[in-house]
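Single-structure report; data block below.
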Amino acid sequence: MPAIVSDHRVHTPSDVDDALRFLADHRDEGWRPLAGGTDVMVGIYRDHTGGQRWLNLSRLQAPLAGIRREDDLIRIGALATMADLRKSSLLAAACPLIGQAAAVVGATQVQNRATVGGNIVNGSPAGDTLPVWLALDAELELASTRGRRQVPYEQFMTGYRRTVLESDELLTAILFRPRSDERLRMYFRKVAPRAAQGISKLVFAAIAGLEDGYLHEVRLAFGSMGPTTIRARAAEQLAEGKPPSLSLVEKAAETLARDLTPIDDHRSTADYRHRVARNLVREFLAGNLGDHIPAAR
Amino acid sequence: MSERTTIRFTLNGHAVEVSAPPMQRLLDVLRETCGLTGAKNGCGEGDCGACTVLVDGIAVVSCLVPVIQIDGAEIRTVESLAQGDCLHPLQQAFLERDGTQCGSCASGFLMTACSHLEHGGDTSDAELRAALSGVLCRCTGYNRVLEAVQQAAEGAGHHAGDRL
Ligand SMILES: Cc1cc2nc3c(=O)[nH]c(=O)nc-3n(C[C@@H](O)[C@@H](O)[C@H](O)COP(=O)(O)OP(=O)(O)OC[C@H]3O[C@@H](n4cnc5c(N)ncnc54)[C@H](O)[C@@H]3O)c2cc1C
Ligand code: FES
Ligand code: FES
């Protein structure tokens, strides 16, 4: 056993109020939530970090792991696991992209532990569920003893692994408007070296309405194409209100570079990422045309 | 500062109590404190599946589970499968179909497959491959593993979960 594990401390609250009070009372002592532990444990054992303090959320499953309808919104508790998301028929009907994304997070043994809240707060730009929240205009519910606030997912990540979450706050839920209209088109694609357990070179989630042949509310969301999950706003605006013609599709694809800022790293190159992003946007927007759009070479 | 916690859980049907640092890996508690070495220490990062055990019937990689989180849980390891000299249908099928060679992945496959079948999981090639994709094997090429699991599921009847 590496010596470092013996100096970690853990507190296990028995309900949400208790957890929030503990975080408030010990605000500057560095306590951090521990959910499924899949990121936390890799961090501790790979990087040999010692002396950390963990607020263990494992007894808060009853209040924080449910997936349910709340008025006209869907509410996903932060402790819901990837397996829960994958198997939820409510989510499959409300937005199939969520289950598709959860199914490509690691393999089953990881999906059984990894929580959606952990994926979001961990804040890796490669987190596979993240572009889906962006494409859905999802809101995050953050709770502390000061009260609850709702933050659009788009404003949650402020930089590479940086978020607006305060040290006395817990992420408690994700809220979004269900999208079951058949005139909507949705798309999810993870591009990784192999089918299971690969970390994304890039990940793409997209939603658009198609009314009388015109695109509207176009959302093109990417992971691993910049320091945070990112929307390709210029391409979205270009496509808004237009029919998905071949020339539009081409122009939108060429406009992506205005928003996407991928880098060269050990997983891929900026050039490859740009190229694949263009092809994915082509495939998404042109999906209904039936014509073959030649891929960029 | 060294911090230890008392953790109580059920291990292969027996109540146990261990004293361990709360963030110690379940894998280390099983192997070193409880003396059950069936779960293997492969990558230690959740990638290889060699350390798979069942927590309340659900397959997890025990190298990523802090022991504090299994307080009160029911843990099953590969050591729970055989009843005395009588092998579990999955173990029997792995033997008959050469589902294992060097053996370092075997307990990971057995426990992952056990949980999948107990939950009534689909045994088509595609579904099984997806269910077992979290266990890496350098020897078998996976086909024999797949065949073994399918044989075990068939032997146990249509509703595999009933008898396994
Ligand atoms: C082998 C392996 C493969 C993986 N493959 C993928 C993959 O393909 N795609 C992918 O996206 N991810 C992948 N991951 C990472 C994925 O498992 C995590 O991002 C997971 O979703 C994090 O959830 P957790 O519950 O394990 O979080 P933890 O590890 O418990 O926590 C992660 C972070 O979030 C914080 N946190 C957790 N919950 C809350 C909350 N409710 N409120 C406030 N803060 C909180 C913690 O303090 C910590 O900083 C993989 C991990 C492993 C080990
Ligand atoms: S040792 Fe746990 S997954 Fe490899
Ligand atoms: S039998 Fe050797 S790794 Fe699978």
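The values are calculated or read from the model by the stated rules, or taken from the named source; none is laboratory data. Predicted, not measured: the structure shown is a model, and the values here were computed from it. Quick reminder, even Gly has a Cβ in these numbers, built from the backbone with ideal geometry, and neighbours come from all protein chains shown.
Entry remark, region B:65-93: residues being under 14 Å from the mean Cα position of the chain (by Cα) and either within 16 Å of ligand 3 (Cβ to nearest atom) or at the interface with another protein chain (Cβ under 9 Å from one of its Cβ atoms) (or both) number 4 in total. Applying the criterion of at least 2 residues that are charged (D, E, K, R) and under 25 Å from A:GLU283 (Cα atoms) to the strands (runs of 3 or more DSSP E) found wholly in region A:125-233 leaves A:184-191, A:214-223. For beta carbons closer than 9 Å, sequence separation of 6+ or different chains, a first residue in region B:136-148 that is farther than 18 Å from B:LEU90 by Cβ and within 14 Å of chain A (Cβ to nearest Cβ) and a second that is within 12 Å of ligand 3 (Cβ to nearest atom) and part of a loop (DSSP other than H, G, I, E, B), the qualifying pairs are B:LEU136/B:GLY42; B:LEU136/B:CYS48; B:LEU136/B:GLY49; B:LEU136/B:ALA50; B:LEU136/B:CYS105.
The sole residue among B:VAL61, B:VAL18, B:VAL55 that is outside the structural domain of B:THR140 (by TED's automatic domain parsing), free of Cβ contacts under 8 Å to residues at least 40 places away in the same chain and among the aliphatic types (A, V, I, L, M) is B:VAL55. Among helices (runs of 4 or more DSSP H) entirely within region B:61-164, having at least 1 residues that are in contact with a strand residue (DSSP E or B) (Cβ under 7 Å, 6 or more places away or on another chain) and buried (at least 19 other Cβ atoms within 10 Å of the Cβ) singles out B:106-118. For region B:16-41, the set of residues classified as at the interface with chain A (Cβ under 9 Å from one of its Cβ atoms), within 18 Å of A:GLY37 (Cα to Cα) and in a helix (DSSP H, G or I) consists of B:ASP28 only. Of the residues examined, B:GLY49 is not one that is at the interface with another protein chain (Cβ under 10 Å from one of its Cβ atoms), surrounded by fewer than 24 Cβ atoms within 10 Å (Cβ to Cβ), touching a residue at least 60 places away in the same chain (Cβ under 8 Å) and not polar (S, T, N, Q). For region A:6-37, filtering for residues that are crowded, with 17+ Cβ neighbours inside 10 Å, modelled with pLDDT under 95 and away from chain B (no Cβ under 13 Å) leaves 0. Screening A:GLY106 against (1) in contact (Cβ under 8 Å) with a residue 24 or more places away in the chain; (2) part of a helix (DSSP H, G or I); (3) within 23 Å of B:LEU27 (Cβ to Cβ) leaves a single unmet condition, (2). Does A:ILE44 count as surrounded by 15 or more Cβ atoms within 10 Å (Cβ to Cβ), away from ligand 3 (no atom under 16 Å from the Cβ), at pLDDT 95 or above and β-branched (Val, Ile, Thr)? Here the answer is no, as A:ILE44 does not meet what is asked.
Within region A:195-207, the set of residues being small (Gly, Ala, Ser) and at pLDDT below 95 comprises A:ALA195, A:ALA196, A:GLY198, A:SER200.
The strands (runs of 3 or more DSSP E) falling completely within region A:7-87 that include 3 or more residues that are under 21 Å from the mean Cα position of the chain (by Cα) map to A:31-34, A:67-70, A:73-77.
Given the residues B:ALA113, B:ALA160, B:ALA156, which is the only one that is at pLDDT 95 or above and not basic (Lys, Arg)? So the residue among B:ALA113, B:ALA160, B:ALA156 that is at pLDDT 95 or above and not basic (Lys, Arg) is B:ALA113.
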